[in-house]
Each structure stands twice: as C-alpha cells, then as structure tokens.
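Some notes on the structure that comes next.
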Ligand code: C2G
C-alpha cells in the first residue's frame with residue numbers, strides 16, 4: 001500500500017483544497033492529512049475563520065481522506081513520515097522547495113496550485 005501525506009490549514013474548505021487532496025490521493029492508496037491546529041496557525045501567522053474542530057469536521061466528510069493527524073509544529077513532519085510509513089509527501093507548489101529535506105525519508109512532490117481561489121479571498125468576501 002502506497003501511503004501519501006500532506007498538511008494544511010484547509011480554512012473555508014474550497015475547490016483548490018479539494019483538487020490538491022484529490023490529486024494527492026491519486027498518487028497512492030492511502031491519504032493522511034496533517035491539519036494545522038489553531039495554535040500552530042498563530043505560529044504560521046495565519047488567522048482562520050473556522051476553528052480546528054470545524055476544519056476537522058469538513059475533512060472527516062471527505063471519503064478519500066483515510067486519516068487525519070494534528071499538525072502542531074514545523075518539526076513534526078519527519079516523525080509523522082516515519083511513524084506512518086509514508087511513501088509520498090505532497091504539497092502545493094506555493095511550497096516548492098521548502099520541504100526538499102524530506103527527500104531523505106520519502107518521495108516529495110509539489111503539485112500546481114489551483115489558480116484563482118484561496119481562503120484569504122473567501123475571507124474577504126465574508
Ligand atoms: N492549495 C492549492 N490551491 C489553492 C489553495 C491551496 O493547491 N488555490 C493547496 C496548498 O498549496 C496546500 C494545501 O492546498 O498544499 C492547503 O493549503 P492551506 O490550507 O493554505 O495550507 P498552508 O497554510 O499552506 O499550510 O506544514 C505545511 C503547512 O501546514 C501548510
């Protein structure tokens with residue numbers, strides 16, 4: 001079984017998020033999503049509309065997500081990869097190069113971002 005891992009805030013869940021998760025799942029057989037905690041988002045300098053519990057609930061409804069873990073730090077990725085026997089780490093290419101150090105542990109793939117949609121844009125519409 002080929003296991004895929006990705007991370008994100010997934011605030012105001014939208015088409016860009018769905019496309020990323022869908023393509024990530026198509027790279028393997030099992031998809032784990034690391035969902036950023038509210039505290040970690042503060043560390044990332046991100047304010048969210050939806051708290052962790054609601055963002056978790058959105059992701060838990062998606063049938064092609066097999067597991068969700070809490071992302072609480074930048075440093076947990078290697079441990080998450082090893083503990084979950086991850087084969088492929090996937091992120092949108094706005095992160096291009098930022099996680100190349102993980103190539104020592106698994107395949108690293110950056111997928112093109114979906115243009116013209118973002119949580120920030122949607123937030124500004126509220
Ligand atoms: N994404 C995308 N297209 C968009 C918007 C987002 O492909 N229009 C992708 C991003 O590239 C990312 C994922 O969807 O791979 C989640 O995006 P965010 O929720 O904005 O995640 P981010 O805040 O970038 O957190 O440790 C990594 C961080 O937790 C990533």
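The values are calculated or read from the model by the stated rules, or taken from the named source; none is laboratory data. Model, not experiment: these values are computed from the prediction. Cβ coordinates were reconstructed from backbone atoms using ideal geometry, including for glycine residues, and neighbour counts include every protein chain displayed.
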Considering only residues of the stretch 71-86 that are farther than 28 Å from residue 118 by Cα and touching a residue at least 24 places away in the same chain (Cβ under 8 Å), which is surrounded by the fewest Cβ atoms within 10 Å (Cβ to Cβ)? 85
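Return the residues of the stretch 96-126 that are in a helix (DSSP H, G or I) and more than 8 Å from the ligand (Cβ to nearest atom); say none if nothing qualifies. Before the answer, list the steps.
Applying the first criterion (in a helix (DSSP H, G or I)) to the stretch 96-126 yields 100-104, 119-125.
Correct list: 100, 101, 102, 103, 104, 120, 121, 122, 123, 124, 125.
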Tell me, which residue of the stretch 4-36 that is part of a loop (DSSP other than H, G, I, E, B) and more than 10 Å from the ligand (Cβ to nearest atom) is farthest from residue 105 (Cα to Cα)? 29
For the stretch 49-69, how many residues meet the condition of being surrounded by 15 or more Cβ atoms within 10 Å (Cβ to Cβ) and farther than 19 Å from residue 122 by Cβ? 4
Check residue 22 against each of (1) over 9 Å from the mean Cα position of the chain (by Cα); (2) under 16 Å from residue 102 (Cβ atoms) and name the one condition it does not meet. (2)
Regarding residue 111, is this residue touching a residue at least 60 places away in the same chain (Cβ under 8 Å) and touching a helix residue (DSSP H, G or I) at 6+ places or on another chain (Cβ under 7 Å)? yes
For the stretch 52-68, state whether one or more residues are in contact with a strand residue (DSSP E or B) (Cβ under 6 Å, 6 or more places away or on another chain) and assigned to a strand (DSSP E or B). yes
Going by the conditions given, is residue 46 surrounded by 14 or more Cβ atoms within 10 Å (Cβ to Cβ), near the ligand (Cβ under 9 Å from one of its atoms) and either over 11 Å from the mean Cα position of the chain (by Cα) or in a strand (DSSP E or B) (or both)? yes
Some residue of the stretch 78-94 being more than 10 Å from the ligand (Cβ to nearest atom), touching a helix residue (DSSP H, G or I) at 6+ places or on another chain (Cβ under 8 Å) and more than 19 Å from residue 20 (Cβ to Cβ): yes
Kindly indicate whether any position in the stretch 88-95 is at pLDDT 95 or above, surrounded by fewer than 16 Cβ atoms within 10 Å (Cβ to Cβ) and assigned to a loop (DSSP other than H, G, I, E, B). no
